[in-house]
1. Testing residue 82 on (1) farther than 24 Å from residue 44 by Cα; (2) of a type in the set (Ser, Thr, Tyr); (3) open to solvent by less than 30 Å² (accessible area, probe 1.4 Å), one condition comes back false. Which one is that?
2. Return the pair list, or none, for Cβ contacts closer than 7 Å from residues in segment 1-26 that are more than 13 Å from residue 82 (Cβ to Cβ) to residues that are modelled with pLDDT under 95 and in a strand (DSSP E or B), at least 6 apart or on different chains.
3. So residue 18 ticks every box in (1) open to solvent by 10 Å² or more (accessible area, probe 1.4 Å); (2) in contact with a Ser or Thr (Cβ under 6 Å, 6 or more places away or on another chain) but one. Which box is left unticked?
4. Do any strands (runs of 3 or more DSSP E) entirely within segment 1-76 hold 1 or more residues that are closer than 26 Å to residue 141 by Cβ, and if so, which?
5. Kindly check whether there is at least one residue in segment 45-63 that is touching a residue at least 60 places away in the same chain (Cβ under 8 Å) and hydroxyl-bearing (Ser, Thr, Tyr).
6. Name the pairs whose Cβ atoms lie under 8 Å apart, with the first residue in segment 112-123 and within 12 Å of residue 35 (Cβ to Cβ), the second open to solvent by less than 60 Å² (accessible area, probe 1.4 Å) and assigned to a loop (DSSP other than H, G, I, E, B), and 6 or more positions between them or separate chains?
7. Let me spell it out: the conditions are (1) more than 20 Å from the chain's Cα centre (by Cα); (2) at pLDDT 95 or above; (3) assigned to a loop (DSSP other than H, G, I, E, B), and residue 117 meets all of them except one. Which number is the exception?
8. Report yes if residue 54 is surrounded by fewer than 19 Cβ atoms within 10 Å (Cβ to Cβ), in contact with a Pro (Cβ under 9 Å, 6 or more places away or on another chain) and under 24 Å from residue 13 (Cβ atoms), otherwise no.
Amino acid sequence: YFKKESITWSFEFLTTVLNIPLDKLAVTVYEGDKDIPRDEISADVWRSLGIRDERIAYLGKEDNFWIAGDTGPCGSDTEIFYFRSNDSVPEKFDPNDERWVEIWNNVFMEYLKAEDGSVSILPKKNVDTGMGLERVVAVLEGVDDNYLASIWRPIIKEIEEVSNKQYLKNEKSMRIIADHIRASVFIAAD
């Protein structure tokens, strides 16, 4: 039940509140392993919301599973991707295609991994969900680089002025500087 609610709320926010078109979305779900089953519940919820099978990719622990360390609470996750390109949206979702950008995830904390490697069901399950604010703003503003979105643009512009260099051809260094400036401001504010 908690998976259906979480996925539905995520989907409704993206498609109804933000008006992101369904045809530009795709999702990943956990493919399962010997200890934890394939997440067909999430896949079924996505199908019920209109996501076609060609836009659902099953991925393993490296991509669609979360645990903080070697032991502890853990669980599968499902991620929502947006096709951020002016190219025609492919019929089939390829998670390795860099034109697809992850904008949301729902982590379903429903297991407990013990030191001996065994996995048991958590008595109280929960969801850790989140959206990439900068990515969603870039999507809504129609830019294909998060650092060209309104959240980052004033910082990037100031870096360009101080350095006498353009962002284009200096993206990596200016992104690092912008990230550090923003982090420093938040640290100082705390």
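1. Just one mismatch for residue 82, condition (1).
2. Final answer for the pair search is 2/125; 2/127; 6/127; 6/129.
3. (2)
4. The strands (runs of 3 or more DSSP E) meeting that bar are 25-30.
5. no
6. These pairs meet every condition: 119/36; 120/114.
7. Of everything listed in (1) more than 20 Å from the chain's Cα centre (by Cα); (2) at pLDDT 95 or above; (3) assigned to a loop (DSSP other than H, G, I, E, B), residue 117 misses just condition (2).
8. Taking the combined requirement at face value, the residue satisfies it.
The values are calculated or read from the model by the stated rules, or taken from the named source; none is laboratory data. From a predicted model like this one, the values you see are computed outputs, not experimental measurements. Cβ: placed from backbone, ideal geometry, glycine included. Neighbour counts: every protein chain shown. Surface areas here come from the heavy atoms of the whole protein model, side chains and all, with no ligands, DNA or RNA. Shrake-Rupley method; radii C 1.70, N 1.55, O 1.52, S 1.80 Å.
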